[in-house]
Every structure is written in C-alpha cells, then in structure tokens.
Amino acid sequence: MRKLRWLVRAEAKIKVIAPEVDPEIQKLRDAGKLTIEKSLFYSEAVTASLALVISATNATNVSEEVSAAAMEQGVLVNCVDRTELCTVIFPAIIDRFPILVAVSSMGRSPTLSRSVRGWIELRLPKTLGQLAELAGRLRSEVKIKLPSIDARKAFWEEVFVSKAADEAMYGSMDAAVVEAEKMMASISGDGSIVLVGAGPGDPELITLKGLRAIQSADVLMYDKLANPALLEYARRDVELIDVGKKGPREAVKEGSDAARPSGTILQQEINQTLINQALKGKKVVRLKGGDSFIFGRGGEELLAAAEQGIAVEIIPGITAAMGGASYAGIPLTHRHMSQSVRFVTGHSVEHGANVDWLELAKPEQTLVVYMGLVGIEKILQRLVGAGLSSKTPAVLLENTTLLNHREVFGTLEDLADKVRKEGIDGPSTIIVGEVAGIPAKVKELYALARTSKDS
Ligand SMILES: C[S@@+](CC[C@H](N)C(=O)[O-])C[C@H]1O[C@@H](n2cnc3c(N)ncnc32)[C@H](O)[C@@H]1O
C-alpha cells in the first residue's frame, strides 16, 4: 500500500497481480486508479513495455521470479526488503508536494534513512510546496520579462528568500505574486517606485531596507523633511529631484505657504513626476519624512502609480510622533495613564467643522498633533473647552531627533504662550496627555537617586 499510494499520486498506470487483494487496494480499483488480476505471479506478465515492476510479498521465491523476469525484459524492478534483487530502490521521502526530498542509504539501512528524513523534516517548512506553486504561477511571465538565464537565476534566488516567499508559505498566494512581480519589475527594466520613510530627521533613524533602496535608486526624489545627509548614500550617477513643498528645511516657516501652489496641485505634479520617471524604466525612490503613510500623502502616490500599473514598494519609516516621543522620553502609551494614541493634523483640527472635540479630549488617551504650530492657541483652548483639564501636560517638539531640536513643555493653559515666546518656527509636533509629564518625573527621580548616592 505504501508504494501504491505514491504510484497513484504520480498518476501511473498500475496493474496489481495477486491471488488475494487487500480491501484498500480494492477501493483504489473501484476509484479507477488501478486494475487487478487475481492470479499468482507468472513471468509472462512482465513485458518490455512496462516502466517498473514491484514485488511486495513475503514469498521469497516469488520475488526471485519477479526479479529474474524483469531483468530479462530490461524493466526496472524493486523487491521489498530484498535489495540484492532490485535494480531500483525507493528512498525515504519528505513530502512537501510538489517538492520531494528523497533520502537513501543505498539499501544498507532503511532505519537510518528514516532518521535522516526526520532530521530534515523538522527543518523544512510544512508549506514549502507553496513556494513551488508560486514559481509555477510566475514561470511563463518570468521567461518573457527576464530573457537572460542569469537574470532569471538571480531573480529566483532572490524570490525564495524574500517577503514573496513568506507570503506564499503563509498561504497568501496573490500577495506573494504581487511581491514577486515588484521584484521582477526592478530587475526587468520596467520602472518601479519605492516609497521610503526616512524618519523624522536624524538620518540614523532610517531602516536598513530604506538605506538599501536609496543605494539602488536611479532617481531619488526628496523633500525638505528628509534629511539631506541621506542623499549622500545614493549612487554617484543618481538623478536627484527636489520636490520640496517649502524649500530647504532651514527655511521652513510653518504657515508661510501663501505664495506656493495649492498642496493638491503640487501633489499631482509630484505624482506625475514619479510616474514619468518610472515609465522611463527607472527605479524611482521617493524619500519622505517620517513614514509615507502618516500624513505623508504616500497613499495618493501609491494610487496614482497603481492606476498606471507601476509596481510600488513601501518601506516604513519612523513617524515624527514616535521618533519625537522617544527622543523626548515620552511613552505614548503608559499603563494606568494612557491606553490609546491618536494622530491628528493641526489643519484638520483647526479648520475642520466636523472635528469631534469630545473624542479628542478623552481622558487616558495621548493626542499627537502634526502641523499644529500655526493653530496651537485654538487647538489647546478647544481641548480645554471639550473637558480636558487646563493643567493637562502638553509638549511641543520642534525639529525633533535633530541637533537643533527644541522642546517646550507646559500645560494646555500655558504651552501656546511659551511656544510663541521661544520663537518656534520649525516643523513641530504637539503631544497632549498625562504622558507628556513623564520626562519631568524622570528628571525628578534621577535627581533623587543622585542625592541619595551622594549622602
Ligand atoms: C506633512 S507632515 C509629514 C509627517 C511625516 N510623514 C511623518 O510620518 O512624520 C509634516 C509634519 O510632520 C511633523 N514633523 C515632521 N518632522 C518633524 C520633526 N523633525 N520634528 C517635529 N515634527 C516633525 C510636523 O508636524 C510637520 O509639520
């Protein structure tokens, strides 16, 4: 039965010759998988047209007859537990269909083969076969898009250790195909776009993946929020395109954008430039401040590219809220103090008629306001109006994670005044909630610890 199962699976044309037949074999016959001839073995049954003969019997003389008949006809033969009569043996199999691993001891020790099989079994993911399915799905497309054998080989080697492989093995075959197609696009000369989150300022906060994307870019599009130091990592022949909305970082004055085209028009221009470059067959890396998908309009760029059928990869970045909070020592969530975090934009909070202030002013929550410098007075007042205590800690982080950073700590009542007095005018993020009081607490504890050590 063990051998029959494999042969049936391989869709072999099978005939069983036996005077009596096991009920399981009958079932296979009934399912049309094989035929049965109820008879003792006879040599004439072995003809040269057969591919393989197997003797699975305890009757030693029968195995000898089978082997002799097969050898005479030049047909491959396997006799169970009689290696000396075989011209072919069946190895121990690790089944990750359609990937099969065979372990053989050349008949010397089937037990050892099975042990080795056990060791390998543990190492091979159960869903390995899905990778073969992924390869099967992409095969013809890869042949067309990557005509050179070397390019194909490099592509497959990369795919099998990529996110595409993980997706396939976790059962998301469609997602795996999309990932692999992106990789194909970058090798095949079809243009592609990579949206890289550069982090909030400190160039070391970019991910390794983001850095690698910069290094491999044909075209690097950046704006004033991405640290210019990162451009140094690009290839010498890279084409640099500044799509900054407000000029160089140092000149940024929030709210001073009256003379610029509207954000929407400018964004459309950026989308078009991205697309035009990718359609030229370039690998376009779009470097964005923070994370592309947090108030970064990355979603719009993704949709515009998808409309043109251009592959887009998105590499996450550390958003200003998270980078800033960490650098300032503010845990955005803290047990018994803040159970959730909300990221909002100052523009929407300041102008939006539909803002649910009661929601924003909920206790035990941290509120992070991006682009809130211009409207800081209004925003803080409304939070108090919606029920937050005027003594709630609040902080404004300017140029966070950069050397020229400034932090202004206060409360809902006095933060806006302090910020104006400091003359803050760089990119700023406001954090409101009890957690904004933690840095002061930490300072206090360090001071106490120092005095108790000294005394
Ligand atoms: C258009 S949004 C981009 C946000 C970005 N995608 C992110 O994930 O951080 C620009 C706003 O992000 C915040 N921001 C970006 N970099 C910052 C920094 N270094 N320090 C403080 N806030 C920053 C400011 O609120 C700024 O006005």
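Values quoted throughout were computed directly from the atomic coordinates according to the rules given, and no laboratory measurement underlies them. The structure presented is a predicted model; accordingly, all values stated were derived computationally and were not measured. FYI the Cβ positions are ideal-geometry reconstructions off the backbone, even for glycines, and counts take in every protein chain you see.
Each helix, a run of at least 4 DSSP H residues, gives -39500 (n - 2.57); summed and divided by the residues of the chain, these come to -12500 deg cm²/dmol at 222 nm. For a paramagnetic label modelled on Ala51 (point 7 Å from Cα along Cα→Cβ), amide N atoms under 16 Å away belong, within the stretch 1-39, to 3-16, 33-35.
Here the Karplus relation 6.51 cos²θ - 1.76 cosθ + 1.60, evaluated at θ = phi - 60°, turns the backbone of the stretch 310-326 into coupling constants of 8, 5, 10, 10, 10, 10, x, x, 7, 6, 3, 4, 7, x, x, 4, 5 Hz, with x for every Gly and Pro. Backbone geometry of the stretch 84-95 corresponds, through the Karplus equation with coefficients 6.51, -1.76 and 1.60 at θ = phi - 60°, to 3J(HN,Hα) couplings of 5, 9, 9, 10, 8, 10, 9, x, 6, 10, 9, 9 Hz, x marking Gly and Pro. The mean sequence separation of alpha-carbon pairs under 8 Å and at least six residues apart, normalised by the residue count of the chain, gives a relative contact order of 10 percent.
With the simple spin-label model, which puts each label point 7 Å out from Cα in the Cβ direction, the Ser452 to Trp6 separation comes to 7.0 nm. The Cα center of the stretch 345-416 and the Cα center of the stretch 33-78 differ in position by 86 Å. Relative to the longest principal axis of the Cα atoms of the chain, helix 298-307 runs at roughly 50 degrees.
Amide H to amide H, with H built 1.01 Å from N, Gly290 comes under 5 Å of Ala198, Gly199, Gly201, counting only residues 5 or more places away or on other chains. Evaluating 6.51 cos²θ - 1.76 cosθ + 1.60 at θ = phi - 60° for every residue in the stretch 177-189, the Karplus couplings come out as 5, 4, 4, 5, 5, 4, 5, 4, 4, 6, 8, 7, x Hz, glycine and proline recorded as x. For the listed peptides 178-187, 320-329, 438-447, a ranking on the average number of other beta carbons within 10 Å per residue, highest first, reads 320-329, 178-187, 438-447. Remark: spin-label model distance His336-Glu157 equals 5.7 nm, labels positioned 7 Å along the Cα→Cβ axis.
For the chain, compute Rh as the Kirkwood radius over C-alpha pairs and then the Stokes-Einstein diffusion coefficient at 10 °C and 1.306 mPa s; write the answer in µm²/s, rounded to an integer. List each step's numbers first, then the result.
Numbers: Rh = 28.1 Å.
So the translational diffusion coefficient is about 57 µm²/s.
Sort 18-28, 280-290 for me by packing, meaning the mean count of neighbouring Cβ atoms within 10 Å per residue, highest on top. Could you put the intermediate results ahead of the total?
Values: 18-28: 12.3, 280-290: 23.5.
In decreasing order of mean packing, 18-28, 280-290 become 280-290, 18-28.
Sorted by average packing, counted as other Cβ atoms within 10 angstrom per residue and highest first, what order do 53-61, 389-397, 425-433, 97-105 take?
Numbers: 53-61: 15.8, 389-397: 21.2, 425-433: 24.7, 97-105: 13.9.
So the peptides 53-61, 389-397, 425-433, 97-105, ranked by packing, come out 425-433, 389-397, 53-61, 97-105.
When Thr35, Thr451 are sorted by how many other C-beta atoms sit within 10 angstrom of their C-beta, beginning with the fewest, the order is Thr451, Thr35. Ordered by the number of other Cβ atoms lying within 10 Å of each residue's own Cβ, fewest first, Val341, Val312 fall into the sequence Val341, Val312.
Amide H contacts of Val16 (H built 1.01 Å from N, in plane; Pro and chain starts excluded): Thr35, Ile36, Glu37 sit under 5 Å, all sequence-distant by 5 or more or on other chains. Taking a ≥ b ≥ c as the square roots of the eigenvalues of the alpha carbon gyration tensor, the stretch 2-123 is oblate, as a/c is not under 1.5 and a/b does not beat b/c.
Glu269 label point, 7 Å along Cα→Cβ, cut-off 17 Å on backbone N: hits in the stretch 198-239? Under cut-off, by backbone N: 221-225. Considering only Cα-Cα distances, which of the following residue pairs are longer than 32 Å: Lys418/Lys441; Lys27/Lys126; Lys15/Lys153; Lys163/Lys280? Check vs 32 Å cut-off fails for Lys15/Lys153. Distance between the pseudo-spin-label points of Arg114 and Ala229 (7 Å out from Cα toward the beta carbon): 6.2 nm. For a label point 7 Å from the Cα of Lys362 along Cα→C-beta, name the residues of the stretch 328-346 whose backbone N is under 16 Å from it. In the stretch 328-346, the label zone of Lys362 (backbone N under 16 Å from the point 7 Å along Cα→Cβ) covers 333-344.
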